[in-house]
Every structure is written in structure tokens, then in C-alpha cells.
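Taking it in order: structure first as C-alpha cells, then the write-up.
The values are calculated or read from the model by the stated rules, or taken from the named source; none is laboratory data. All figures in this text were calculated on a predicted structure; none of them were measured in a lab. For neighbour counting, all protein chains shown are included, and Cβ atoms are generated from backbone atoms with ideal geometry for every residue, glycine included.
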Amino acid sequence: MPGAPRKSAATKVQPKAVEPVVDEVDEDVFDLLSVLDTEDLPPVPVTLRGVKAQIRRSYSGAESVLFTEYLRQEKVEELLTLIAGDEGGPALSKALAAFNTEQGVKLFNWLAKTSTLTSGEAMALLPAYARGMDGAQPTQDANASTAEPSVKS
């Protein structure tokens, strides 16, 4: 009958079997990620307001990439855990939070350089106008300051 709803059997779609990807180790192939391995150096003991930690200075290529990912995503505590361990990383992160932005960035950059995973500044300090200055009055919008358009001569 026209206009009558049709009854259709629900069809179940079976998912295709997925073969697990197994990385085969081929002795004749150079692991390019190993280029990012750092030199084998002893850790550097540090202290910050009573927090004692050891800053690692030996990393695999995979850890070097992980450092960069944490830095890009601004995951400071995870990054500090990578370079200072499960206890030292979170403790250093908490200690760094007590400093103002300039001091915290300076200390963080020193830790990153000491880890040997970066040679320059790992975290750049934004200019004061981008951060917002404490107590500064907001600037007026230049477009809102003129009420009348200029008259042609």
C-alpha cells in the first residue's frame, strides 16, 4: 500500500579483522630516530626551594621527540617528569609555579638546556604587551576615538 511504512530487517555489518602491525627489526636498516639520541652524560643534581631533583642528560631519540611534543603542547609537568623523574618533575613544576612569569621561564629554560634536549631557549618570554601588565589600564581603541569623519577641503 502506498504511503505505508516499510519494515526492513536491520543489517549487521561485521567489522573487518584488523591485522596488528608488528614492527619487524631489520638489522640492515638504520633507525633514523637514533640520530636524536643524546650523549650519555651523568645527571645534574639541582635544588629549588627545598626540592631536590636529578636532571637527566641521556635520552633516546623517542624521548627527544616526546620532549618536543610536551614543549609544543605546553605540558610543563610532563616535560619536567621526563627530565627529572616521577618524583622530581612534579615537585619542580609545583616549585616553579611560585615564581613570576619571567623568573619561571628563566628557570625552566635553564632546566631544559641542562637536560641537553635543547640548546636555545625552550620557552620564549612573551613581550609585556602580550602578557598583560599588572595594574595597566586598557588602551583605547583608536577607531572609537573619532566621532566624526574628516571633512574634505
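Would you mind telling me which numbered condition in (1) at pLDDT 90 or above; (2) assigned to a helix (DSSP H, G or I); (3) not aromatic (Phe, Trp, Tyr) Ala130 fails?
Failed condition: (1).
Considering region 84-105 alone, what residues qualify as being in contact with a Leu (Cβ under 8 Å, 6 or more places away or on another chain) and without any contact (Cβ under 8 Å) to a residue 12 or more places away in the chain? Lay out the reasoning, then the answer.
Pass one, region 84-105, residues in contact with a Leu (Cβ under 8 Å, 6 or more places away or on another chain): 84, 88-90, 92-93, 95-96, 99, 101-102, 104-105.
Once the filter is applied, which keeps residues that are in contact with a Leu (Cβ under 8 Å, 6 or more places away or on another chain) and without any contact (Cβ under 8 Å) to a residue 12 or more places away in the chain, region 84-105 yields Phe99, Gly104.
Counting only residues that are closer than 11 Å to Leu117 by Cβ and in a loop (DSSP other than H, G, I, E, B), how many does region 61-102 have?
Here the count works out to 0.
Can you tell me which residue among Leu71, Leu107, Leu80, Leu92 is closer than 22 Å to Asp40 by Cβ, surrounded by 13 or more Cβ atoms within 10 Å (Cβ to Cβ) and at pLDDT 90 or above?
Values: Leu71 fails: closer than 22 Å to Asp40 by Cβ; Leu107 fails: closer than 22 Å to Asp40 by Cβ; Leu92 fails: closer than 22 Å to Asp40 by Cβ.
It is Leu80.
Taking region 21-54 as the search range and keeping residues that are in contact with a Gly (Cβ under 8 Å, 6 or more places away or on another chain) and modelled with pLDDT of 95 or more, which one is nearest to Thr118 (Cα to Cα)?
Gln54
Considering only residues that are closer than 23 Å to Asp37 by Cβ and aromatic (Phe, Trp, Tyr), which ones fall in region 91-119? Give the derivation first.
Residues of region 91-119 that are closer than 23 Å to Asp37 by Cβ, as a first pass: 109-119.
Correct list: Trp110 only.
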